[in-house]
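*Asks:* I have a structure I would like to understand better, so I am pasting it below and will then ask my questions one at a time.
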Amino acid sequence: MLIRLEPRGVPSRRWAYGSPILALGLTLAATAVIFAALGKDPGRSLYTYFIAPLVSATARPELLVKAAPLVLIGIGLSLGFRANVWNIGAEGQYTLGALAGGGLAPWFPESDSALLLPGMIVAGALGGIAWAAIPALLRTRFNANEILTSLMLTYVAQQLLIYLVVGPWKDPEGYGFPQSRLFQEAATLPILVPGTRIHLGVLAALIMVGLGWLVLAKSAIGFQLKVVGQAPRAARYAGFSQTWLVWLVLLLSGALSGLAGLFEVAGPVGQLTPQISPGYGFTAIIVAFLGRLNPVGVLFAGLILALSYLGGEAAQIELGMPSAVTGIFQGILLFFLLGCDLLILYRVRIGHAPAIAEVR
């Protein structure tokens, strides 16, 4: 039997939206096989991982809390990816935002000023911007690959975080643990829904979804991003400045990543520790692609990936699964998503000598 790929004349709009759905279905099937191979009942395991967090009244608000940083970072990344600017270092920008903004709390441990939290938010965004400006400068000035530079800076940021929480910012009453003091009330985000952990960062993420959609759909900048990404020669002919767009999308992505980091340490975490992120900056890459680089799609993709974190925690508690199960699910999802995206540009023909069937 012969299987071959035939290029499409025009990318398939149907598969552009169908690919993530197919990838999710294949991921669920592959996950069930893995659960079975580990000696777990596939039906119970899938229910525990994907359904139980949705039917629990206490877990549903946590879904929004987990999704907020993924959505914020994912929107910034999706804008850059549209213009073929590949910021893979959002995790580092997230960390610098947490340090720059969250660092104000250890500096003013007794402050109850109403200006402290707004100052932390501004500093968090500026921290992410500063870290993203490095690969932007290297890309535009020296033509350095932003994939490598932004990724390597992630590990620099993590080492800086570790240095600060085991050194200058270490809690003197923390029994030797590498962490800062717990943030005072003036340095923590207000809770929007009493009895839950839904905080101001969740509202900010929803606002950014709307703003991101307006930028892409209704602004000249959004049009330029699309043209630069899809037809760079036409963009140069039209006079669009690629250097300016590289700076714009990297700094905007850095700002949103920095805000995500600040919202996390000033919200659910409440202090600076080496574990302020379970890998949100890297997971947001999957969120951006699963959401088709569209802010509204990123919102739904962020909820799906947030569910993977909650499901992973439930699987550890109820099924005795290792913590790596979350990363396995996310990796499988990315693998199938990239594979299924092949159908956007190619038809799959199946047959012997002449093709007798095709996947449209």
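The values are calculated or read from the model by the stated rules, or taken from the named source; none is laboratory data. Since the structure is predicted, the reported quantities are computational estimates derived from the model, not experimental observations. Please note: Cβ atoms are built from the backbone with ideal geometry, for glycine as well, and neighbour counts cover all protein chains shown. Remember, those area values only see protein heavy atoms, side chains included, never the ligands or the DNA or RNA. Shrake-Rupley method; radii C 1.70, N 1.55, O 1.52, S 1.80 Å.
*Asks:* From the set of residues in the range 94-128 that are of a type in the set (A, V, I, L, M) and free of Cβ contacts under 8 Å to residues at least 60 places away in the same chain, which is nearest to Asn84 (Cα to Cα)? Explain how you work it out, then say what you get.
*Replies:* The initial filter retains those residues of the range 94-128 that are of a type in the set (A, V, I, L, M), namely 96, 98-100, 104-105, 114-117, 120-123, 125-126.
Applying the additional criterion that residues be free of Cβ contacts under 8 Å to residues at least 60 places away in the same chain yields 115, 122.
Values: Leu115: 38, Val122: 28 Å.
Looking at residues that are of a type in the set (A, V, I, L, M) and free of Cβ contacts under 8 Å to residues at least 60 places away in the same chain, I get Val122.
*Asks:* In the range 1-48, what residues are touching a Phe, Trp or Tyr at 6+ places or on another chain (Cβ under 8 Å) and of a type in the set (Val, Ile, Thr)?
*Replies:* Across the range 1-48, the qualifying residues are Thr27, Thr31.
*Asks:* Only one of Val296, Val246 is open to solvent by 20 Å² or more (accessible area, probe 1.4 Å) and among the hydrophobic types (A, V, I, L, M, F, W, C); which?
*Replies:* Values: Val246 fails: open to solvent by 20 Å² or more (accessible area, probe 1.4 Å).
Sole residue among the options that is open to solvent by 20 Å² or more (accessible area, probe 1.4 Å) and among the hydrophobic types (A, V, I, L, M, F, W, C): Val296.
*Asks:* While we're on this one: Examine the range 153-160 for a residue that is closer than 25 Å to Thr95 by Cα, in contact (Cβ under 8 Å) with a residue 40 or more places away in the chain and in contact with a Pro (Cβ under 6 Å, 6 or more places away or on another chain), and state whether such a residue exists.
*Replies:* Scanning the range 153-160, I find no residue that is closer than 25 Å to Thr95 by Cα, in contact (Cβ under 8 Å) with a residue 40 or more places away in the chain and in contact with a Pro (Cβ under 6 Å, 6 or more places away or on another chain), so the answer is no.
*Asks:* Same structure, new question: Hey, can you tell me all the residues within the range 134-158 that are closer than 20 Å to Ile276 by Cα and open to solvent by less than 50 Å² (accessible area, probe 1.4 Å)?
*Replies:* Listed by number, the residues that qualify are Ser150, Leu151, Leu153, Thr154, Ala157.
*Asks:* Moving on. Given the condition modelled with pLDDT of 95 or more, part of a loop (DSSP other than H, G, I, E, B) and not polar (S, T, N, Q), answer yes or no: does some residue in the range 194-207 qualify?
*Replies:* Yes; the residues of the range 194-207 include at least one that is modelled with pLDDT of 95 or more, part of a loop (DSSP other than H, G, I, E, B) and not polar (S, T, N, Q).
*Asks:* I need the full set of residues from the range 165-193 which are part of a helix (DSSP H, G or I), under 18 Å from Ile121 (Cα atoms) and either in contact with a His (Cβ under 8 Å, 6 or more places away or on another chain) or open to solvent by less than 80 Å² (accessible area, probe 1.4 Å) (or both), in order please.
*Replies:* Ala186, Ala187
*Asks:* List pairs: first residue in the range 1-18 and in contact (Cβ under 8 Å) with a residue 24 or more places away in the chain, second residue open to solvent by 100 Å² or more (accessible area, probe 1.4 Å) anywhere in the structure, Cβ distance under 7 angstrom, at least six positions apart or on different chains.
*Replies:* Met1/His352; Leu2/His352
*Asks:* Yes or no: Gly212 modelled with pLDDT of 95 or more, within 30 Å of Leu345 (Cβ to Cβ), open to solvent by less than 70 Å² (accessible area, probe 1.4 Å) and of a type outside the set (Ser, Thr, Tyr)?
*Replies:* Criteria met by Gly212.
*Asks:* Among Gln230, Gln242, which is the only one that is out of contact with any helix residue (DSSP H, G or I) (no Cβ under 7 Å at 6 or more places or on another chain), farther than 28 Å from Ala59 by Cβ and among the polar types (S, T, N, Q)?
*Replies:* Gln230
*Asks:* So, one more: For Trp131, are the conditions met, namely being touching a residue at least 24 places away in the same chain (Cβ under 8 Å), closer than 23 Å to Gln242 by Cα and surrounded by fewer than 23 Cβ atoms within 10 Å (Cβ to Cβ)?
*Replies:* No: the conditions fail for Trp131.
*Asks:* Evaluate the following for Ser19: is it assigned to a helix (DSSP H, G or I) and either under 14 Å from Gly312 (Cα atoms) or open to solvent by 60 Å² or more (accessible area, probe 1.4 Å) (or both)?
*Replies:* no
Here is a yes/no grid of residues against (1) of a type in the set (S, T, N, Q); (2) surrounded by 15 or more Cβ atoms within 10 Å (Cβ to Cβ):
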site: Leu303; (1), (2): no, yes
site: Ser308; (1), (2): yes, yes
site: Phe329; (1), (2): no, yes
site: Leu333; (1), (2): no, yes
site: Gly339; (1), (2): no, no
site: Val348; (1), (2): no, yes
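*Asks:* For the range 57-73, check the following and say yes or no: at least one residue is of a type in the set (Ser, Thr, Tyr) and surrounded by 13 or more Cβ atoms within 10 Å (Cβ to Cβ). Spell out the reasoning first.
*Replies:* Here is the first cut: in the range 57-73, the ones of a type in the set (Ser, Thr, Tyr) are 58.
Right, trim to surrounded by 13 or more Cβ atoms within 10 Å (Cβ to Cβ) and you get none.
Within the range 57-73, none of the residues are of a type in the set (Ser, Thr, Tyr) and surrounded by 13 or more Cβ atoms within 10 Å (Cβ to Cβ).
*Asks:* Inside the range 252-293, can you point out the residues that are within 12 Å of the chain's Cα centre (by Cα) and among the aromatic types (Phe, Trp, Tyr)?
*Replies:* If the condition is that a residue be within 12 Å of the chain's Cα centre (by Cα) and among the aromatic types (Phe, Trp, Tyr), then Tyr280, Phe282, Phe289 are the ones that fit.
*Asks:* Count, please, the residues in the range 80-94 that happen to be open to solvent by less than 10 Å² (accessible area, probe 1.4 Å) and out of contact with any Ser or Thr (no Cβ under 7 Å at 6 or more places or on another chain).
*Replies:* So the count comes out to 3.
*Asks:* Checking Val166 against (1) of a type in the set (A, V, I, L, M); (2) under 26 Å from the mean Cα position of the chain (by Cα); (3) over 22 Å from Leu116 (Cβ atoms), only one condition comes out false. Which one?
*Replies:* (2)
*Asks:* Still on this structure, please answer the following. Quickly run through the range 29-50 and pick out the residues that are among the aliphatic types (A, V, I, L, M) and exposed (fewer than 15 other Cβ atoms within 10 Å of the Cβ).
*Replies:* Across the range 29-50, the qualifying residues are Ala29, Val33, Ala36, Ala37, Leu38.
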